[in-house]
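These notes are about the structure you will find just below.
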Amino acid sequence: MKDTIKGMQHDAIESSQAVSGNEELLAKIIEFFPYPILIYTSDGKAVMVNRAMLNEFNIHGPEEVIGKFNVLKEPFIIKAGIMDDIKRAFRGETVILQDIRVPLEDIAALHGIQDFNVEAVYQDITLFPIPTADRKAFFVAVLLINRRIYRYKDEIAKAKEYMENHWLDSFDVKETAKAAGLSGTHFVRLFKKHIGMTPHDYYINLKISKIKEKLSDSALSVAQIFAACGVDYSGHFAKVFKERVGFSPSQYRSKAYKK
């Protein structure tokens, strides 16, 4: 694995520097390179991001990165303790950093970027200079090779499990997000992205499924069933049931469980 990564790092550096005088060809190489690459000016501003970077982290377009990042001023880089290494690259050195944790959630929150769809990535990061055509200045290319990716599947599963265990209680987005180990706003956005509905809608559907199950018990009135499910039949939820199921609770019982 290490030899493979080193080979990819070497190939990227050699290919990019070999055509550094041909900006159009270089741009095409970077654009279609199969691993995420960002290009920065010598003062740290992001000026290019390739397709692999956009696809890898579910970024909707280059505008979410270009003009928003200055790698020499990013708080998460300072916090990670790698700023001195980054600055070496901006002095013209080739720098290789191994197994660096990149907290994408922090980056998204700081810059108002839409969700990256991952919590954190551990990467090998290679920074190397690409001289301009006149050789009087240079850009800094950053090649990112993922070691480990942490997505939110486990957190979403915990939220679903929490709601399934607390369907009798009133819905509480803060407690549900807490159970998932996520902040409220971030949790709602991620849940909808992964499940296709909001946490509240998921909870409502759970509640309705429980009511539908209990409607099979002819010994209980509809009002008793609603009460057993933690809602008032004379309240708003009866209307919600009809809107989502297409029938009133009584009509559903008659059609689904008639003998």
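Table for the structure above
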quantity: Contacts under 6 angstrom Cβ, first residue in the stretch 241-252 being assigned by TED's automatic domain parsing to the domain that holds Leu220, partner among the hydroxyl-bearing types (Ser, Thr, Tyr) and part of a loop (DSSP other than H, G, I, E, B), 6 or more apart; calculated: Lys242/Ser248
quantity: Residue, farthest from the chain's Cα centre (by Cα), within the stretch 57-86, restricted to residues that are surrounded by 15 or more Cβ atoms within 10 Å (Cβ to Cβ), part of a helix (DSSP H, G or I) and not hydrophobic (A, V, I, L, M, F, W, C); calculated: Asp85
quantity: Which numbered condition Thr176 fails, given (1) touching a residue at least 40 places away in the same chain (Cβ under 8 Å); (2) buried (at least 20 other Cβ atoms within 10 Å of the Cβ); (3) not charged (D, E, K, R); calculated: (1)
quantity: Matching residues in the stretch 46-93 - criterion: being without any contact (Cβ under 8 Å) to a residue 60 or more places away in the chain and within 21 Å of Glu24 (Cβ to Cβ); calculated: Ala46, Met48, Val49, Asn50, Arg51, Ala52, Leu54, Pro62, Ile66
quantity: Scan of the stretch 32-72 for residues that are of a type in the set (D, E, K, R) and either on the phi > 0 side of the Ramachandran plot or at pLDDT 90 or above (or both), ordered by number; calculated: Asp43, Lys45, Arg51
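The values are calculated or read from the model by the stated rules, or taken from the named source; none is laboratory data. Note that the structure is predicted; figures quoted are calculated from it, not measured. Positions of Cβ are backbone-derived with ideal geometry, glycine not excepted, and every protein chain shown enters the neighbour counts.
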